[in-house]
Structures are given as C-alpha cells and as structure tokens.
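The block underneath contains the structure these notes are about, expressed in structure tokens.
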Amino acid sequence: METLTLSVVETLRSGRLIAVAAVSKTKKKTVTIGHASVTLSGGQSKTVSVTLNGTGQALLKREHKLHVKLILTQTSTGKTVSVQGQTLSFTAPKRHR
C-alpha cells in the first residue's frame, strides 16, 4: 500500500503563524494538509488526486500561494519506507470582481 502525504512547515512566533514553506533548515512545526492511500500491485501505475484538507484550504486562502512537499511512502511486510518526495505549488484562484 502506498500513501501520499502533502505537508508544509509553519513558522510560528508566540503561537501565531508568520510564514509557510515546503522545507526549512531550522526546527519548525510540520503540518499535514492532504493525504491519500492507494493499493497497487507490481508494475501497475495509477493517477491519484490528493485534495487539501481544511487546514490546507485555510492556509491557501490566507497565503494565496503554497509550496508543499509531497512524500510517497510504501508499506510492505510491516515496513514503511519513504520512496519519493517532490515539491509542488498550489495557487488560489483569482477573485473576479
């Protein structure tokens, strides 16, 4: 079973959010903003859509642009291994006036 996880790193000051990034060099709080699971057998491929959860939608609404880290983990015989990671960008739709 493969698991896809979208996450961002929040920078907090006095408990308030001041910045959001896909990766960070200093110790920050990592927040999961999307999750999906899929089961594939050997040699199969599949397109999977991962939607933003409520936290992700709130961050996108506030920041208008999010850089997120997508991590693919694979679980077989009780072991979980991180297989692949990629940075993605989400942008909020433009408001029509």
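Since every read-out is calculated from the coordinates, none of them should be taken as a lab result. Keep in mind the model is a prediction, meaning the values are calculated, not measured. Every residue, glycine among them, receives a Cβ derived from its backbone with ideal geometry; neighbour counts consider all protein chains shown.
Annotations for the structure displayed:
- Here the residues 32, 51, ranked from fewest to most Cβ neighbours within 10 Å of their Cβ, fall in the order 51, 32.
- Here is the size of the chain from its Cα atoms: Rg then Dmax, 15.4, 54 Å.
- When you restrict to C-alpha pairs under 8 Å that are six or more residues apart and normalise by the size of the chain, the relative contact order lands at 30 percent.
- Helical mean residue ellipticity (222 nm; -39500 (n - 2.57) per DSSP H run of 4+; nearest 500) of the chain: -3000 deg cm²/dmol
- Note on the chain: Lys pairs 8 or more places apart or on different chains, Cα atoms under 17 Å apart, count 6.
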